[in-house]
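Chemist: Here's a structure for you.
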Amino acid sequence: MKTTNFKDSVKVNQILPIMQEHFGQSMNLARIKLMALLLHALCVVQTVSLHKLADAMPTAVDKDSNLRRLQRFFAKYVLDLDIIARMIFSLLPVKTGLVLSMDRTNWKFGEFNINILMLGITYKGIAFPLIFSLLPKRGNSNWEERKKIMERFIRLFGAECIDCLVADREFIGKEWTGWLNSRRIRYYIRIRQNFWIVKPSTGERIRAWWLFNDLKVGQEKFFHTLFLHKGEYVYLAGSRIKNSDGVPELQILICFNRPEDAVLTYKKRWEIETAFRAMKSSGFNIEDTHMRDMD
């Protein structure tokens, strides 16, 4: 038997009422307490290794007993991810005018690919990872997978709380842009600088970089006239930045509206990268998981 720390027990008891409020209708108290103990242990050891988590759980039982409880929990119980999203959302410091950031992260465990499509809410330098989907493949997401994760957010929290969506060059395509336009979801999405753009008034096709090639580093430009990108009407904004290697490059964005806000708002996209670092090697070491079952 091991002794428990009073302060640790207090911390666990602080989160229990919140978890009971959301999980009480679908999960018994013993499982809710186990999840609370697990969350506390995660913050202590900062790894998803079940052996280390079992040892850090503030309970009076030994490590092996905790380990068996965790193994049974993950093997037999299916978490309702909608309830988890609602609980996280209830704890957010802001709930309106939200800037959503969509991105993807992946790694391999042996020959097994783990590929996560994530939708997060940006806030003061980091994104809260709210909704995610495990993709049963390697590589980029498709527009239907992105649409599904956005529709899930709207079903849970409504579209009225969204200010805009920001996403990198992976998240492009006619169907995807068309769906965002049809739902009137404001977006700022980066495109490759060599993409073709069409002036609707003349039908002239030009490379996107041509519109912004006069910019110096630190300068930005936007257009209040519509262009056609892959057959969809968009506004354009851009700036010249230095990439991670210090080399100047153009950053060109397509927008639903308000292109004057594009460059400043798009900077918040990096906050989901910060969240990924916090979950991976700079934080909870999620890559240490040895679980292979996608569910």
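The values are calculated or read from the model by the stated rules, or taken from the named source; none is laboratory data. Everything numeric here is computed off the predicted structure, so don't read it as measured data. Reconstructed Cβ throughout: ideal geometry from the backbone, glycine too, with neighbour counts over all protein chains shown.
Chemist: Which residue is surrounded by the most Cβ atoms within 10 Å (Cβ to Cβ), if the candidates are limited to segment 22-49 and must be in a helix (DSSP H, G or I) and in contact (Cβ under 8 Å) with a residue 60 or more places away in the chain?
Modeler: The extreme case among them is 23.
Chemist: Scan segment 197-214 for residues that are outside any loop (DSSP other than H, G, I, E, B) and surrounded by 12 or more Cβ atoms within 10 Å (Cβ to Cβ) and jot them down.
Modeler: The answer is 197, 198, 206, 207, 208, 209, 211.
Residues are listed down the side, and each one gets a yes or a no for (1) closer than 21 Å to residue 80 by Cβ; (2) touching a residue at least 60 places away in the same chain (Cβ under 8 Å); (3) charged (D, E, K, R); (4) assigned by TED's automatic domain parsing to the domain that holds residue 108:
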{"position": "137", "(1), (2), (3), (4)": "no, no, yes, yes"}
{"position": "164", "(1), (2), (3), (4)": "no, yes, no, yes"}
{"position": "169", "(1), (2), (3), (4)": "no, no, yes, yes"}
{"position": "174", "(1), (2), (3), (4)": "no, no, yes, yes"}
{"position": "177", "(1), (2), (3), (4)": "no, yes, no, yes"}
{"position": "184", "(1), (2), (3), (4)": "no, yes, yes, yes"}
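Chemist: Consider residue 213 carefully, then state whether it is within 25 Å of the chain's Cα centre (by Cα) and either assigned by TED's automatic domain parsing to the domain that holds residue 191 or at pLDDT below 95 (or both).
Modeler: No: the conditions fail for residue 213.
Chemist: Here is a follow-up. Determine which member of the set 15, 84 is modelled with pLDDT under 90, of a type in the set (Val, Ile, Thr) and surrounded by 15 or more Cβ atoms within 10 Å (Cβ to Cβ). I'd like the intermediate steps shown before the answer.
Modeler: Working: 84 fails: modelled with pLDDT under 90.
15 is the lone residue from the list that is modelled with pLDDT under 90, of a type in the set (Val, Ile, Thr) and surrounded by 15 or more Cβ atoms within 10 Å (Cβ to Cβ).
Chemist: Restricting to segment 100-114, name every residue that is touching a Ser or Thr at 6+ places or on another chain (Cβ under 8 Å) and either under 16 Å from residue 149 (Cα atoms) or of a type in the set (Gly, Ala, Ser) (or both).
Modeler: Passing the criteria: 100, 101, 104.
Chemist: Out of all the residues in segment 241-260, which are free of Cβ contacts under 8 Å to residues at least 60 places away in the same chain and within 13 Å of residue 188 (Cβ to Cβ)?
Modeler: 259, 260
Chemist: Conditions first: (1) modelled with pLDDT of 95 or more; (2) part of a loop (DSSP other than H, G, I, E, B). Residue 251 passes all but one, so which condition is the exception?
Modeler: (2)
Chemist: Go through segment 56-83 and give me each residue that's under 30 Å from residue 162 (Cβ atoms), touching a residue at least 24 places away in the same chain (Cβ under 8 Å) and either of a type in the set (A, V, I, L, M) or assigned to a helix (DSSP H, G or I) (or both). Talk me through it step by step, then tell me what you get.
Modeler: Of segment 56-83, the ones under 30 Å from residue 162 (Cβ atoms) are 78-83.
Keeping just the survivors that are touching a residue at least 24 places away in the same chain (Cβ under 8 Å) gives 78, 80-83.
Listed by number, the residues that qualify are 78, 81, 82, 83.
Chemist: Also, I was wondering about something else. Picking from 238, 283, 231, which residue would you name as being in contact (Cβ under 8 Å) with a residue 24 or more places away in the chain, among the small types (Gly, Ala, Ser) and at positive phi? Show your work before the answer.
Modeler: Values: 238 fails: at positive phi; 283 fails: at positive phi.
Among 238, 283, 231, only 231 is in contact (Cβ under 8 Å) with a residue 24 or more places away in the chain, among the small types (Gly, Ala, Ser) and at positive phi.
Chemist: Sticking with this structure for a sec: Please work out if residue 62 is farther than 25 Å from residue 281 by Cα and acidic (Asp, Glu).
Modeler: yes
Chemist: For segment 257-277, check the following and say yes or no: at least one residue is among the polar types (S, T, N, Q) and either within 30 Å of residue 42 (Cα to Cα) or not in a loop (DSSP other than H, G, I, E, B) (or both).
Modeler: yes
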